[in-house]
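The structure under discussion appears below in the form of structure tokens.
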Amino acid sequence: MKLPDRTGWSSLVETTQDPAGGSGYGDHPPRMGFFTDTSVCIGCKACEVACKEWNHVPEDGLDFTGMSYDNTGGLGADSWRHVAFIENRRPVSTVDLGLPAMGPPAGTPGIRPDLPASADEEEGQLQWLMASDVCKHCTHAACLDVCPTGSLFRTEFGTVVVQEDICNGCGYCIPACPYGVIDQRKEDGRAWKCTLCYDRLGEGMEPACAKACPTDSIQFGPLDELRERAQARVEQLHEKGVDVARLYGHDPQDGVGGDGAFFLLLEEPEVYGLPPDPVVTTRDLPDMWRRAGVAAAALVAGMAAAALGGRS
Amino acid sequence: MSDARVTREGLEGVRPGREASSDYSTRRPRKGGRRGGRGEQPTVPDADFRSYYGKPVLNKPVWSPQDIAGYLFLGGLAGGSSLLAAAAAVRGEERLARVAKVGAASAGVLSLAALVHDLGKPTRFLHMLRVVKVTSPMNMGSWLLAGYVPTTLVAAACEVTGRLRPVGAAATAGAAVMGPAVASYTAVLIADTAVPAWHDGYREMPFVFVGSGAMAAGGLGLLGSSQRAQGLPRRVAQLGSLAELSSSMLMERRMGMVAEPYKKGRSGALMRVGQVLAVAGNVTALLGRGNRAAGVAAGTTLMLSSAITRFGIFSAGIASAQDPRYTVQPQRERLTNAGRGARADAG
């Protein structure tokens, strides 16, 4: 068995799709992850609640944000799942799901005939988007790379977890994350984020959020399987005419080497608060070190020039 | 609960579940058509920028400006001063060497104190040294400081007490070797993040930082040296300022819209004040050659300039992290540009 890579250099030079193996786990289970299919999310927030309950994540304020039904705001130290709500207007046509109709039957005169036909016809109908966001458990995780204590580590499942007994609250992981996931818990100074329920995974259980999701919008499983399932799903939606469906974070060629938790979205990523093309900052780190070295040498040269300059 | 009924023909009334369609489509269902490749569509980028209720994509750094911008300044001052001390020692300018050694040791200790103070769990500072990790500039910096700060303390102590001169000389040389790394690594520290105004400037930032450090060290030298020994610190400050100003100009030009926080708002104002003070300090030093009071004024101005510039760079980073435009827009452009070339290959 390979020794664990404590220097982290391999993560700079390797382009592995096996992060657990790359971190020194010889014989390890398959990489596990989430596929969050937002097209069937109903915005119930059961994932948020289940996550808080299972992981003892403290309450972080009961606020009214005015952002549709989202009073969580975003991911942070005390929100490891976040359901986004977007009231989106776009030109749409309805797909008949064959479900019982709501409201007056077609052809019935409007309830308020005095009102104009509605702005819908001009601006498009309201599309209420909901999406449960979570830590992406990146293949190339910037938070893990920059952590100076080794508190953040790669598990045998290929996920990224904080060891709270090691974290010294330096806060470096927070601006390193290209998704704005990990954050500091003010009361105790340390950094916290989704563990993909590392404790449950060890027992062969699925993470709390996936377990609680009533529509299977959050699907948990081996990443390979989820990627296949997601591809089939996006093709199915395209068949049905839902052109706007697209996968996000599924591509191993993207700037973070693909996400362990990826998504099916119905809008551009930035509409959900996700970066459209995130890149792990440490991808440029070898170049940064090189340039810092050149700058240090330039400082020495400058000092030498200044010291010699006075003699002439 | 399910409403499905089992009939001879199979299940009836099964709810769609995972297979449910999204409520809306942009066109009629297509029969048997197959789309190639991924779900993303080659869209024309939106003229108007979109975000989630204007909320930032990134979580902003929790670092306190006093501690971390202060740390950037002190690291530069210390590193530059160690090198200046060695140069002064070689030239036999004893008073300047003493000022620089004591300055480097004080700035080094203070920078370490600022770093520890900023930790969420300061008692766990030593956890920094439980691993050696080149992917973490903060880890590398901790190891560097762990070697550098005691060395500067030895150099300063030998200088002040006049004892153990060979040890002092070795420590002075050691600090001069590590000093440039201390002055430049902090640029990597902030650039190795997703913060647009920091990361996107990673090519020039180390040069801005060593320039700024040299300027501060030169300032300290002017402040503390006798009027006859002002030549060296003045030249160091000149070269440093030149490097800092020209590198930051290059950096801002190359960064495009992400450079906005360096020009606008509070951070932009700090940057401008820093630049003005750098010029003012150098002019004062040049015009007031051989004048002790002018040296003190110039030195103070130059150190202040370096400090204010670091606060400007720090707050430009915060401003760029808090506005989703700086995260989304460059990435969107990158996708559009890549799309033009790559889509043809993939298709």
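Please treat every number below as a calculation from the coordinates, not as lab data. Fair warning: this is a prediction, and the values are worked out from it, not measured in the lab. Note that each Cβ is placed from the backbone with ideal geometry, even for glycine, and that neighbours are counted across all protein chains shown.
The residues B:64, B:51, when put in order of fewest to most other Cβ atoms within 10 Å, stand as B:64, B:51. Rounded to the nearest 500, the helix-only mean residue ellipticity at 222 nm of chain B stands at -23500 deg cm²/dmol, with each DSSP H run of n ≥ 4 adding -39,500 (n - 2.57).
Given a Förster distance of 45 angstrom, what is the FRET efficiency for residue B:257 paired with residue B:161, based on the Cβ-Cβ distance and rounded to 0.05? Efficiency computed from Cβ-Cβ geometry: 0.25. Counting Lys and Arg as +1 and Asp and Glu as -1 over every other residue whose Cβ lies under 12 Å from the Cβ of residue B:318, the net charge comes to +1. Computed from label points 7 Å out along Cα-Cβ, the spacing between residue A:283 and residue A:239 is 3.4 nm. Distance between the pseudo-spin-label points of residue A:18 and residue B:7 (7 Å out from Cα toward the beta carbon): 5.1 nm. Rounded to the nearest 20 debye, the dipole size of chain B about its Cα centre is 440 debye, using +1 on the Cβ of Lys and Arg and -1 on the Cβ of Asp and Glu.
Taken about its Cα centre, the range A:171-312 carries a charge dipole of about 860 debye when Lys and Arg each add +1 at the Cβ and Asp and Glu each add -1 at the Cβ. Taking the longest Cα principal axis of chain B as reference, the axis of helix B:165-191 is set at about 30 degrees. Between residue A:211 and residue A:60, the modelled labels are 2.2 nm apart [label points 7 Å from Cα along Cα→Cβ]. Counting Cβ atoms of other protein chains within 10 Å of each residue's Cβ and taking the mean over peptide B:54-66 gives 6.
Other protein chain C-beta atoms within 10 Å of residue C-beta, averaged over B:205-217: 4. Ordering A:192, B:143 by the number of other Cβ atoms within 10 Å of each residue's own Cβ, fewest first, gives B:143, A:192. Cβ crowding within 10 Å ranks B:133, B:264, A:52 as B:264, A:52, B:133, fewest other Cβ atoms first. If you plug the beta carbon distance of residue B:291 and residue B:170 into 1/(1 + (r/R0)^6) with R0 = 51 Å, you get a FRET efficiency near 0.90.
All other residues whose Cβ lies under 14 angstrom from that of residue A:298 are scored, Lys and Arg at +1 and Asp and Glu at -1, for a net of +1. Residue B:53 to residue B:250: extension gain in nm, 0.36 nm per residue of separation minus the Cα-Cα distance? Result: 67.5 nm gained on full extension.
In the range B:111-215, taking the dipole from charged Cβ atoms about the Cα centre, the farthest positive-side position among B:181, B:171, B:207 is held by B:171.
If R0 is taken as 41 Å, the Cβ-Cβ distance between residue A:297 and residue B:227 corresponds to a FRET efficiency of 0.80. Applying a 4.7 Å Cβ-Cβ cutoff to the protein assembly as shown, the cysteines left without a disulfide-compatible partner are A:41, A:44, A:51, A:138, A:147, A:167, A:170, A:177, A:197, A:213, B:158. Residue A:74 sits among other residues whose Cβ lies under 13 Å from its own Cβ, and their net charge, with Lys and Arg +1 and Asp and Glu -1, is -3. Under a model in which nothing but the beta-carbon of Lys, Arg (+1) and Asp, Glu (-1) is charged, the protein assembly as shown shows a dipole of about 3120 debye around its Cα centre. For a modelled paramagnetic label at residue B:269, 7 Å from Cα along Cα-to-Cβ, the residues of the range B:289-328 in reach, with backbone nitrogen under 17 Å, are B:308-320.
Over all Cα atoms in the range B:65-323, the spread is summed up by Rg and Dmax: 17.7, 56 Å.
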